[in-house]
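To start, the structure itself, in structure tokens.
Read-outs throughout are calculated quantities, based only on the coordinates presented, and are distinct from any laboratory measurement. None of these values were measured; they are calculated from a predicted model. For neighbour counting, all protein chains shown are included, and Cβ atoms are generated from backbone atoms with ideal geometry for every residue, glycine included.
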Amino acid sequence: MTQLTVYTQKLPPAIKRSQILQWLSIQEDLFLWENAAQTQQLLTAGQVLQVEPGTIASFAVAQDLLRQAQASFQLTASSTWQDVKLVGSFLFDSEDARNGQWGTFQQGIAYIPQVSFVETEDQWQVTLIAADDSALEPMMAQILQLAELQPQTLELGNYQEQKTAQWQDSVAQTVAAIQQQHFQKVVLARTAMAQQTAQVNWVAVWLHLSLTQPGYHILLQTRDVQFISITPERLAKFLPNLVQTGAVAGTTANDLDAVKAKQLAKQLLQDVKNRQEHDIVVQGIKSVLQQANLQVQAPSQPQILATANLQHLWTPITGRGLVRPLTIIERLHPTPALGGFPQAQAVAWIRKVETQARGLFGAPIGYLSAQQTGEFAVGIRSALVQQQQLSFFAGAGIVADSDPVTEFRETGAKLQSLYQALTH
Ligand SMILES: C=C(O[C@@H]1C=C(C(=O)O)C=C[C@H]1O)C(=O)O
């Protein structure tokens, strides 16, 4: 095997993000990521090290890719292991036999990209992993000459949500199972479909989301299949000896009128059912961190996390100590915000009552450097795009006193989040 070297350099200040995006839009295998605070961006193209074909991108396989990278890549004076990143998305439930419905993404996806652009604190840098750096200067020259990419919205038709009666029945069945004490909480997902009526540049759509929507902005594209998300939810951010995670669960509407929005937030903070739903997630996450021997800190009361059309209860949670990122992710996922509690029983129930495989929906999506720093979000407010067809997914936490009609409305609003954001 040719020796691969990690070349990192600062970008010339004249290069604009919209030119990088223009260049990316003519590349293959894209991973575009921007955090919710818009302080970090990671935009990548190509793959240099990937999971063997036919193998599930499990947490162990991902860890092994990073190990292989460290064993075989060479650094230069200006690059560090921080510049070598694994990107991708794991599966929500790798045991679901129906994941084949997700085509290109049926095994999840994890790889080390060939070219990565990273922005931290207003400074862009590029990393190329290759046999030599001869491609780097021509690439910079090409990007500098490109026009700025303009944002694009999507034209969608034939929007159809999963049938009401069928879904409300599954909520009622779940409530009954909870009342019989099989589990305390289960998150049930609902789907919607729509057709793209015009061709679009997905990088330009991602740019539109980045310019108009709160939350993370994530696009995964491989062989003309896309997974796109504007999730508000962090699964975990990893810094040396620190993991920052949190519980996002409990939902109400948002409102353009600030007074009304505040009123809705106040009601949500006082709502017994939502607080209970939220608390199950807080306890679930805390106990995972404690079992990993981390020192856990969290405020005793939730705060509000707002998206364009919704408001959620949110409790930030940190763990300090010896952090092994992929082990933490493996244990956290799915948190009771997406699976339920207890975890194994909830996931088995989801597999039984939901009509489709979740694939990447609700799964950890993000990046991790060879220095074990990085961040994973929870892939909600998301859609899979296959041959002009978009499949949207949304879930709601079901507890003992959930009402099927209210939960139906909540999933409807969540399904609408990305639909509205893509088309307006
Ligand atoms: C499952 C989703 O959202 C999750 C469930 C929530 C809830 O039940 O209140 C809130 C935020 C998310 O953790 C989704 O948006 O699809």
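Structure values in brief
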{"item": "Over the chain, volume per residue of the alpha carbon convex hull, in Å³", "result": "137"}
{"item": "14 Å cut-off, amide nitrogen to a point 7 angstrom out along T197 Cα→Cβ, residues in the stretch 381-424", "result": "423-424"}
{"item": "Residues of type aspartates and glutamates that K185 reaches as a straight line, Cα spacing below 14 Å, ignoring anything fewer than 8 places off in the same chain", "result": "E277, D279, D401, D403, E407"}
{"item": "Footprinting exposure proxy for K266, K286, K273 (fewest neighbouring C-beta atoms within 10 Å first)", "result": "K266, K273, K286"}
{"item": "Cα-derived Rg to Rh of the stretch 4-145, Kirkwood definition", "result": "0.99"}
{"item": "Volume in Å³ per residue [convex hull over Cα atoms, computed for the stretch 12-64]", "result": "138"}
{"item": "Pair D133, E52: separation of 7 Å Cα→Cβ label points (nm)", "result": "3.5"}
{"item": "Order by protection proxy (mean Cβ within 10 Å, highest first), peptides 35-44, 220-229", "result": "220-229, 35-44"}
{"item": "Segments 64-71, 326-333, 100-107 sorted - mean Cβ within 10 Å per residue, highest first", "result": "326-333, 100-107, 64-71"}
{"item": "H182/K273 FRET efficiency (R0 22 Å; Cβ-Cβ; nearest 0.05)", "result": "0.70"}
{"item": "Rounded FRET efficiency, nearest 0.05, which uses the C-beta distance separating A97 from A253 and R0 of 35 Å", "result": "0.45"}
{"item": "Protection-proxy order for peptides 357-368, 298-309, each taking the mean of Cβ atoms within 10 Å per residue, highest first", "result": "357-368, 298-309"}
{"item": "Cα-Cα over 26 Å, subset of K85/K414; K237/K273; K163/K262; K237/K414", "result": "K85/K414; K237/K273; K163/K262"}
{"item": "12 Å cut-off, amide nitrogen to a point 7 angstrom out along Q70 Cα→Cβ, residues in the stretch 37-64", "result": "63-64"}
{"item": "Share antiparallel - DSSP beta bridges, the stretch 4-145, percent rounded to 5", "result": "90"}
